[in-house]
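Some notes on the structure that comes next.
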Amino acid sequence: MDFLTLTIGKQKNIALIAHDSKKHEMIEWCEANKEILKGHFLCGTGTTARMITEATGLPVKGYNSGPLGGDQQIVEGRIDFVVFFSDPLTAQPHDPDVKALLRIAQVYDIPIANNKATADFMISSPLMNETYDHRVINFHEAIADRAKTL
């Protein structure tokens with residue numbers, strides 16, 4: 001199977017997403033990591049993006065809220081890094097969208113933090129200040145090969 005090498009630049013495109021019960025934790029995390037986050041392009045789902053900007057002054061491009069397709073809008077863009085503080089104890093009406101976001105992160109080998117501890121480890125990594133090459137499956141080639149066998 002063929003692979004493509006993708007490069008995550010020094011300036012990362014970071015998606016910030018939080019379920020309602022985790023929004024304040026996300027804001028606190030962003031405030032604590034404000035100096036690092038300033039050097040990157042930030043985006044997030046509706047309310048989370050607005051709340052982070054209002055509380056920290058960080059510019060966060062806002063998309064629709066999660067239940068209105070914001071997760072999908074985010075993955076349509078070029079995202080290098082995802083911080084998603086999810087609430088595992090509360091059922092979410094847009095759970096299929098959340099699962100799709102997690103799947104895309106897996107498929108395209110995108111680093112994703114689902115809790116504060118993981119986000120702390122990721123943002124303090126030396127790779128935050130470097131480019132990073134990673135390999136992903138060449139899906140166009142894989143689909144073309146599969147079509148030949150049908």
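The values are calculated or read from the model by the stated rules, or taken from the named source; none is laboratory data. Not measured: the values here are computed from a predicted model. Positions of Cβ are generated from backbone atoms using ideal geometry, with glycine treated the same way; all protein chains shown enter the neighbour counts. What goes into the accessible areas is simple: the full protein's heavy atoms, side chains included, and nothing from ligands, DNA or RNA. Shrake-Rupley method; radii C 1.70, N 1.55, O 1.52, S 1.80 Å.
Estimated at 0.36 nm per residue, the fully extended path between TYR132 and GLN106 surpasses their Cα-Cα distance by 7.7 nm.
Figure note: ASP87, ASP133, ASP109 ranked by solvent-accessible area, largest first, 1.4 Å probe, ligands and nucleic acids not counted: ASP133, ASP109, ASP87. Packing around the peptides 49-58, 117-126, taken as the average count of other Cβ atoms within 10 Å per residue, puts them in this order, highest first: 49-58, 117-126.
Put ASP20, ASP2, ASP97 in order of accessible area, highest first, and with a 1.4 Å probe you get ASP20, ASP2, ASP97. In a fully extended conformation the segment linking LYS99 and GLU28 would gain 23.0 nm over its present Cα-Cα distance, using 0.36 nm per residue.
Full extension of the chain between LEU150 and SER124 yields a length gain of 4.6 nm, computed as 0.36 nm times the residue separation minus the alpha carbon distance. Taken as Cα centroids, the stretch 1-19 and the stretch 21-58 sit 18 Å apart, rounded to the nearest whole angstrom. Taking θ as phi - 60° and the Karplus parameters 6.51, -1.76 and 1.60, the scalar couplings of the stretch 107-124 work out to 4, 9, 6, 9, x, 9, 10, 9, 7, 4, 4, 5, 4, 4, 5, 5, 6, 8 Hz in sequence order, x denoting glycine and proline. Put simply, the amide H of ASP87, placed in the peptide plane, has neighbours under 5 Å in HIS19, leaving out anything fewer than 5 places away on its chain.
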